[in-house]
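Just below is one structure, and these are the notes that go with it.
Rule-based calculations on the coordinates, nothing more; no lab input. Computed from a predicted structure; not experimentally measured. Cβ coordinates were reconstructed from backbone atoms using ideal geometry, including for glycine residues, and neighbour counts include every protein chain displayed.
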Amino acid sequence: MNSQDQLWDVAVVGAGIAGMSAAIFAASKGLSVLHIGNGSGLVFGSGLLDVLAVHPVKDSTVHEDPWHGIELLRKDEPSNPLALVGPKAMEVAVNQIMEALGKAGMPYEPSTTNHFVPTSMGTLKGTFGVPTTMTSGAKAFENKWPTLLIEIRGLREFSAAQMVHTMGDKWPGLRFEKIEFPDSKGVFELYATHLATALETNKTRQAVIDIVRPLIGDAKAVGFPAILGLSESTAVHKAFEDALGVPVFEIPTMPTSVPGLRLKHSFEVAAAAAGVSRRVQSVVTGVKFDNDIATLTLQDATGNQEVQAKAVILATGRFMGRGLFADREKVREPLLDLFVEQPESRENWHSRDFFAKSGHAINRCGLLVDSKWRPTDAFGAVVWPRLYAVGSILARQDWMRQKSGSGLAIGTAWAAVSAMSDDFGSIGGV
Amino acid sequence: METQVLIIGGGATGTSIMRDLALRGVDCILVEQDDLNAGASGRNHGLLHSGARYVSNDHDAAVECRIEGDILKRLAGQTIQATGGYFVAVQGDDENFIADFPGHCDRAGISWKKIDLNEAFANEPAISRKAIAVYEVPDASIDPFRLSLESVAHAKALGCRLLRRSQVVAFKREGNRITSTTVRDRVTGEEREIVADQIINAAGAWAKIVAGLANIHIDMLYSKGTLLITHNRLAHRAINRLRKPSNADILMPGGTVSIIGTTSVKIDNLDDVYPSIAEVDQIVEESSAMVPDLATVRYIRAYAGVRPLVGASGGDGRSVSRGFALLGHEESGLQNFATITGGKLTTCRLMAEKAADLVCERLGVTTPCVTTSVPLPSAYEGRWTEPGHAPKAWMRSANEDDPLICECEMVSGAVIRNLYNQLVKAGDNPTFTDIGLRSRVGKGACQGAFCAVRAAAHLYQHGAFQGRKGLDQIVDFFDERWGGQHGVLWGEQLAQAELMEALHCGLFGEELK
């Protein structure tokens with residue numbers, strides 16, 4: 001059946017982590033799901049899944065226990081969406097997504113607390129979900145193992161020397177070696193995706209192993225920029241560990257990153273496995289509601305189409321994702337012109353200091369929702385009974401400063417789908 | 001340290017004085033509290049005035065601009081692009097003002113040509129279809145950074161010295177002379193004494209503060225002017241509004257971008273000069289009468305400079321022109337201190353000549369000024385501020401150690417490394433901001449979000465950065481650049497800023513350091 005001839009239970013708009021998760025959760029509950037969006041935003045991900053690492057933002061307090069952080073958030077910011085989801089639901093939701101991604105080729109280390117992963121900037125990133133290709137980095141730092149980092153000539157965003165210089169005082173056994181990637185002579189700029197693909201071939205992988213092996217010395221672990229395979233990362237990573245005889249880890253780097261591409265791919269596989277129907281090339285340009293049915297206008301290269309659904313989940317993101325748009329006057333929600341809670345004027349959008357301790361007020365603007373995750377107007381009235389909003393488009397959070405982007409996306413998707421399926425139960429839709 | 005002349009202030013005026021004196025064989029030291037062109041010299045339109053803007057209300061200034069503009073075009077051509085300029089009147093503008101314009105130009109000796117409206121629209125599609133008159137004049141664009149960098153390079157080649165980040169904190173006076181000047185290194189905090197026969201205060205808007213250290217009062221007002229940079233270039237020529245000089249009526253091309261400004265806001269102190277949201281809105285709204293696209297285009301940056309306005313009662317009134325003030329301060333009893341301030345970028349050479357004449361007279365140096373005949377040599381450290389130069393150089397000579405670092409402006413690793421090493425050789429501890437001033441790195445749409453990371457990695461890869469300098473420099477660079485970003489954050493550029501924060505705070509957690 002064509003998507004336009006069917007009445008879908010749910011249409012999910014937006015294909016970041018929130019939209020992907022919502023589609024997977026809804027399909028897992030047996031609902032028919034049409035998912036619209038191309039997922040291009042996912043490639044900006046690092047592969048790490050943050051739940052909550054910093055609260056309060058103004059004090060830069062970093063938490064090892066994200067669930068405790070959410071408990072504190074419930075007291076201090078009770079209407080923060082993370083607080084509304086709560087620690088228990090969050091844990092279930094995030095573990096379910098990590099499991100689904102693992103089955104789809106991107107395994108995560110089972111986790112109960114935050115881990116501190118060394119980044120290419122030489123900072124430590126507090127995060128919850130760590131891909132198995134990256135976990136030894138956190139362990140190596142924690143145990144201060146003598147560790148070798150590999151710098152690759154021509155990979156512009158990554159300097160192992162920078163990490164050693166920046167982290168060296170806290171990690172005395174850290175050192176680096178610079179290598180020439182096989183057959184890259186004369187190539188000025190190397191791209192992580194190309195290297196990752198090249199490492200999926202035995203010959204190139206063996207050549208790199210042969211270059212690195214004599215450099216190991218007393219190192220108890222070896223770190224690479226995140227280039228260990230594109231879709232075969234588990235196998236490539238294992239091959240390196242087997243051949244080098246020490247734990248090997250990837251270091252998260254600038255977007256567009258290889259783990260970001262893996263995340264996109266794995267979410268797509270997981271969504272397909274859950275039975276989600278996807279419209280990758282389409283953009284939703286309009287939504288009309290009548291009593292029971294939402295009609296969405298989908299635009300693609302061939303023109304417009306209408307599809308119908310009993311419920312709509314909005315997961316369109318913030319400014320980068322185009323879920324929100326600001327002109328000089330105010331912030332708007334462009335698809336449905338939903339109410340956006342926001343600072344009074346542009347004067348108050350940003351602090352005068354980029355790294356201001358309290359962050360920027362505009363990052364806490366967004367949609368308000370009721371207890372069932374349905375957008376409301378300025379007075380708390382629901383816009384449409386089965387329109388839900390999830391992810392970073394929601395107000396009263398600051399995912400960039402709280403280090404909570406994935407938790408916000410996955411947790412609110414879980415909570416909204418739960419509320420929605422309860423509603424479906426009551427109207428006998430499923 | 002000893003020298004014949006101490007120059008205070010490394011803007012267009014101070015650096016021009018340095019070169020002028022060096023060419024006369026006079027030894028000098030230039031001290032600058034921040035970096036070259038850190039004040040108004042680096043925060044303007046980059047317009048080399050034909051003089052046409054002043055013909056209606058200031059004949060002398062117009063003539064001065066014409067003469068000085070011609071000299072710079074002849075002798076410092078590498079810093080100038082002969083873009084030409086249009087003066088555009090739109091419906092509702094003062095018709096008498098429009099009608100008088102050609103006659104005023106004639107009297108000032110400035111060539112002009114009336115342009116048929118359809119031809120004007122064809123040549124500059126961005127101008128409003130409500131235009132009612134268009135005149136062409138020989139306006140040009142000038143790169144003030146290159147001008148100052150090459151003036152300093154020339155003077156240094158002749159033996160003069162530059163001290164950056166060196167702030168004058170005290171003068172020692174004995175009788176009718178300042179015998180010593182205390183200069184503090186703003187990085188290390190170390191102080192040193194400079195003994196000079198003559199001292200020229202060319203500190204621009206800061207001239208009043210510097211003179212105050214010598215107990216001399218200068219009657220000065222501060223006028224802040226804000227300008228906006230567009231994401232794309234909108235016009236080939238300088239586009240001026242044909243009306244009494246007012247807000248937001250000059251649109252200048254600057255390589256791949258355009259610059260629109262200014263405002264004029266009286267301020268009381270120099271500590272808090274930044275472009276306000278209200279000024280940004282005022283520019284966007286007023287400028288669109290002349291160029292309608294300015295209401296809807298993407299802006300990437302706003303910046304503000306301060307014009308020092310010297311009052312009529314200031315000092316001894318040795319005003320050589322209505323455009324600038326040269327004060328000998330004889331009334332204070334001092335015989336070796338002078339102030340030059342005000343003026344325009346276009347007339348910086350003349351200002352330098354007059355100031356240098358005064359101190360040479362006092363020193364008994366009779367060698368005449370030669371800056372009307374000696375060309376300004378092109379220098380390695382000056383050429384990287386020119387849009388398009390770095391990509392051309394890279395295409396000619398790229399190699400494995402020379403990857404592109406800034407993809408918006410196509411600045412390669414070798415340029416960044418060489419500029420960095422050159423400053424190190426001069427005894428500096430260079431920052432990203434220093435490299436930004438000397439190149440186009442970080443000036444594109446990403447505003448450094450990506451290239452700062454690559455630049456840091458590159459400098460570590462080549463052993464130039466040590467310790468935590470990369471992270472520290474990235475944080476300082478964003479803090480410094482943010483002042484010009486947050487005023488223009490709406491539409492696409494807001495999404496760009498969100499990406500920058502997602503990367504540097506969300507992923508790397510640089511705010512937690």
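Among residues other than A:GLU157 with Cβ under 11 Å from its Cβ, the summed charge is +1 (Lys and Arg +1, Asp and Glu -1).
In chain A, the longest principal axis of the Cα atoms and the axis of helix A:87-103 are about 60 degrees apart.
In percent, rounded to a whole number, the relative contact order of chain A is 24, using alpha-carbon pairs under 8 Å and six or more apart.
Relative contact order, whole percent, for the range B:288-426 stands at 11, derived from Cα pairs under 8 Å and 6 or more residues apart.
Can you tell me the FRET efficiency between B:GLU95 and B:ASP281 if r is taken as the Cβ-Cβ distance and R0 is 30 Å, rounded to the nearest 0.05? Write down the numbers at each step before the final one.
On the way: r = 29 Å, r/R0 = 0.96.
After rounding, the FRET efficiency stands at 0.55.
Charge dipole (Cα centre; +1 on Lys/Arg Cβ, -1 on Asp/Glu Cβ; no other charges) of the range B:232-314 amounts to roughly 440 debye. The local environment of B:GLY506, defined by Cβ-Cβ distances under 15 Å, has a net charge of 0 under the rule Lys, Arg +1 and Asp, Glu -1.
For the pair A:PHE379 and A:ALA243 in one chain, pulling the backbone fully straight at 0.36 nm per residue adds 42.7 nm over the alpha carbon distance.
Suppose only helical runs count, i.e. DSSP H with n ≥ 4. What mean residue ellipticity at 222 nm does that imply for the protein assembly as shown under -39500 (n - 2.57) per run, divided by all residues and rounded to the nearest 500 deg cm²/dmol?
Numbers: 26 runs with 297 residues, N = 943.
Counting only the DSSP helices, I get -9500 deg cm²/dmol.
Grab the other residues whose beta carbon is less than 15 angstrom from that of B:GLN282, score K and R as +1, D and E as -1, and report the net. Please list the in-between numbers first.
Values: positive: A:ARG328, A:ARG346, B:LYS224, B:ARG241, B:LYS266; negative: A:GLU329, A:GLU347, B:ASP249, B:GLU279, B:ASP281, B:GLU285, B:GLU286.
After counting each charged neighbour, the total is -2.
Centre-to-centre, using Cα atoms only, the range B:59-122 and the range A:60-118 are separated by 65 Å. For the range A:135-251, the residue among A:LEU244, A:ALA198, A:MET167 whose Cα projects farthest onto the positive side of the dipole built from Cβ charges is A:MET167.
Would you mind getting me the FRET efficiency between B:LYS425 and B:ASP476? Use the beta-carbon distance for r and R0 = 25 Å, nearest 0.05.
Numbers: r = 22 Å, r/R0 = 0.88.
After rounding to 0.05, the efficiency reads 0.70.
Here the Karplus curve 6.51 cos²θ - 1.76 cosθ + 1.60, taken at θ = phi - 60°, turns the phi angles of the range A:210-226 into couplings of 5, 6, 7, 3, x, 8, 5, x, 8, 5, 9, 7, 10, x, 10, x, 6 Hz, with x standing for Gly and Pro. Under the convention that each Lys and Arg Cβ holds +1 and each Asp and Glu Cβ holds -1, the size of the dipole of chain B around its Cα centre is about 760 debye.
Any idea what the dipole of the protein assembly as shown comes to, in debye rounded to 20, about its Cα centre with Lys/Arg Cβ at +1 and Asp/Glu Cβ at -1?
Value, rounded to 20: 940 debye.
Counting 0.36 nm for each residue step from B:VAL195 to B:ASN118 and taking away their Cα separation leaves a gain of 21.5 nm. Rounded if a/c is under 1.5, else prolate if a/b is larger than b/c, else oblate: which is the range A:21-134, with a ≥ b ≥ c the root eigenvalues of its Cα gyration tensor? Here the range A:21-134 falls in the oblate category.
Tell me the angle of helix A:17-28 to the major Cα principal axis of chain A, expressed in degrees between 0 and 90 and rounded to the nearest ten. Taking Cα atoms only, the helix is inclined about 70 degrees.
Once the C-beta distance of A:ARG352 and B:GLU330 is scaled by a Förster radius of 41 Å, the resulting FRET efficiency is 0.40 to the nearest 0.05. Inter-label distance, B:ASN269 to B:ILE209: 1.0 nm, where each label sits 7 Å from its Cα along the C-beta direction. Peptide A:400-409 has a mean shielding of 3, counted as Cβ atoms of other protein chains within 10 Å of each residue's Cβ. Cα-based radius of gyration for chain B, normalised by 2.2 N^0.38 Å, reads 0.97.
Only counting other Cβ atoms within 10 Å, I'd like B:ILE216, A:ILE227 sorted with the fewest neighbours first. Before the final figure, lay out each step's value.
Details: B:ILE216 21, A:ILE227 30.
Lowest to highest Cβ neighbour count: B:ILE216, A:ILE227.
Among A:TRP414, B:TRP394, A:TRP373, A:TRP384, the ranking by other beta carbons within 10 Å of each residue's beta carbon, starting with the fewest, stands as A:TRP384, B:TRP394, A:TRP414, A:TRP373.
For A:LYS185 and A:ARG74, compute 0.36 nm times the residue count separating them, minus their Cα-Cα distance, and round to one decimal in nm. Mind dumping the intermediate values first?
Values: separation 111, 0.36 × 111 = 39.96 nm, distance 5.54 nm.
The A:LYS185-A:ARG74 span can extend by a further 34.4 nm.
In what sequence do A:HIS165, B:HIS458, A:HIS194, A:HIS360 fall when counting other Cβ within 10 Å, fewest first?
Working: A:HIS165 21, B:HIS458 27, A:HIS194 16, A:HIS360 24.
Ascending Cβ contact count within 10 Å gives the list A:HIS194, A:HIS165, A:HIS360, B:HIS458.
The fraction of all Cα pairs in chain A landing in successive 10 Å bins from 0 to the largest distance is 5, 21, 29, 24, 15, 6, 1, 0, given as whole percents. Normalising by residue count, the range A:135-251 has a Cα convex hull of 90 Å³ per residue. Which longest run of chain B has no exposed loop site in it, a site being GluC sites (Glu not before Pro) in a DSSP loop with at most 15 other beta carbons within 10 Å, and the site itself not part of the run? Answer - B:191-399. Taking every alpha-carbon pair under 8 Å whose residues sit at least 6 apart, chain B reaches a relative contact order of 17 percent.
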